[in-house]
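Structure first, commentary second.
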Amino acid sequence: MDAAEFDRRARGTHVDWIPSDLVARLIEHGHLDRVRQEASSGDWHCARAWVEQLAAEDRQDDALAVLAPYIEAGSWDAARAHAELLERWGYEEEAIAFAQVLSEVGVGEGAAFEHLARLLARHGRGEEAFELLRPHIEEAEFAAALVDVTGGLGRDEEVAELLGARIEATAERRPNAELGVPEPDDAVGLLAAVRERQGRVDEAIALLRTRETTSGNGRDRLADLLARHDRVEELRAYAAEDPLGNAATALAELLELRGDIEGAVEVYRARAAQSPNQAVLLARLLARHGRGDEAIEVLRALPWARGGDEDRIVSTLCELYVDQRRAEEGLAYLDGVLARFGAPEWEYVRLRPRLLAACGRLEQAIEELRADLDAPYAAGELASLLADAGRLEEAVAVPAVAADRLLLAPLLLKLGRIDEAMAALRPSV
């Protein structure tokens, strides 16, 4: 491979590289030489795996040599891996010096700058990290890093003042997200983290209560704060007023952790009829504690008009039926859903064959999938069923599987047909 092609692939996206799970399978099946070969041709996933292998063998120079051309091609991932290896091996000063160069030349842009600050803080140079980040308090990721790296430095009041200034400066206008300026609510959350760290929990709670919402990505920051400090009654009151249900989830998790399973069950049960998400969480809680049959009844009792036909409800119920060795009932349930309400095609393709297989009707499952291979995900489900049954050659021979490199390559690897697997993964190379 010439230098230009290496550079293109080394700078590329995951589309240009062998998927990391397939790289792991190559290693699992003993094909380290092929991983090394692909690494030297510009495949970053292979290079990362090969570097880890060399590092595990304490071949430090060889590991860094693999990374060098990727760094030269401008790969931040490779540069970060280089710095992390130096740190792992105990060469902290060398890691810091390398990270400083990266931040100066702009590799990785802001990511390199933040990496340097966190690296300094990890190795007793928190004051330097503070000075590095302080001028960049307006940028969200650096503000968060500043809070993290100053823990234990005695600088909490200075950090609080900086965050307070940001809150003031942005309170009357909506910031330009493209500039990375944190919204006031984000700065409030960081200030609350500082106050919590200082032991001023009441102030942290009061700060978070000023926000329009403290929920994001299925979690609630205020609820999690209350849970961390075992303030059950306050959390219970907050959960009662939280329309999203994230506070209720935090409360139920805390009660379960404390051994109050019935209390956790009641928290979820109070919302299950209105919230498919809470219903599923209730069912999974019951199943974790040996009450799988009860979990099934909870989901079966949901009124269809209120969300009982949500995809997640159907999927969870089918899984529970299989886990409870009631696959025939699960199949009857699913067929009833399809007859009465219909279901997304992908859900039908995914769930029905698995239920059939769990009922001991594998051949029927296979034939139904073969008859409907144009449906989304059908080829993948068929390949999975055949592979699980040890029928790899049949799986490879399915036309829809043979036409999909990501389905075909793992099967070929399992069969030991490494050259064909690599050809499937690299059709244009």
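The values are calculated or read from the model by the stated rules, or taken from the named source; none is laboratory data. Just so it is clear, the structure is predicted and the values come from calculations on it, not from any experiment. Ideal geometry is used to build each Cβ from the backbone, glycine not excepted, and the neighbour counts take in all protein chains shown. Ligands, DNA and RNA are stripped out before the accessible areas are found, and what is left, the full protein with its side chains, is counted by its heavy atoms. Shrake-Rupley method; radii C 1.70, N 1.55, O 1.52, S 1.80 Å.
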Just one of P69, P135 is open to solvent by 10 Å² or more (accessible area, probe 1.4 Å), closer than 19 Å to A10 by Cβ and at pLDDT below 95; which is it?
P69
Matching entry among R9, R48 (being at pLDDT 90 or above, of a type in the set (K, R), surrounded by 15 or more Cβ atoms within 10 Å (Cβ to Cβ) and under 22 Å from P410 (Cβ atoms))
R48
Residue check: is P184 open to solvent by less than 70 Å² (accessible area, probe 1.4 Å) and at pLDDT below 95?
yes
Please give the number of the condition L302 fails out of (1) surrounded by 15 or more Cβ atoms within 10 Å (Cβ to Cβ); (2) in a helix (DSSP H, G or I).
(2)
For the stretch 219-241, which positions are in contact with a Leu (Cβ under 9 Å, 6 or more places away or on another chain) and under 15 Å from Y268 (Cβ atoms)?
A223, L235, R236, A239
Give me the pairs: first residue in the stretch 255-269 and modelled with pLDDT of 95 or more, second residue open to solvent by 50 Å² or more (accessible area, probe 1.4 Å), beta-carbon distance under 7 Å, and six or more apart or on different chains, which are they?
I261/H289
Is it fair to say R326 is over 27 Å from A223 (Cβ atoms) and open to solvent by 70 Å² or more (accessible area, probe 1.4 Å)?
no
Among the residues of the stretch 365-386, how many are surrounded by 17 or more Cβ atoms within 10 Å (Cβ to Cβ) and not β-branched (V, I, T)?
12
I'd like the residue in the stretch 387-423 that is assigned to a helix (DSSP H, G or I) and of a type in the set (V, I, T) and, out of all such residues, is surrounded by the fewest Cβ atoms within 10 Å (Cβ to Cβ).
I418
By residue number, the members of the stretch 86-132 that are of a type in the set (V, I, T), in a helix (DSSP H, G or I) and modelled with pLDDT under 95 are V101, V105
Scanning for something on the phi > 0 side of the Ramachandran plot, of a type in the set (G, A, S) and open to solvent by less than 70 Å² (accessible area, probe 1.4 Å), does the stretch 335-353 turn up at least one residue?
yes
Given (1) within 29 Å of the chain's Cα centre (by Cα); (2) farther than 29 Å from L331 by Cβ; (3) not charged (D, E, K, R), index of the condition P376 fails:
(2)
Only one of these is without any contact (Cβ under 8 Å) to a residue 40 or more places away in the chain and out of contact with any helix residue (DSSP H, G or I) (no Cβ under 9 Å at 6 or more places or on another chain): E94, E127, E131, E114. Name it.
E131
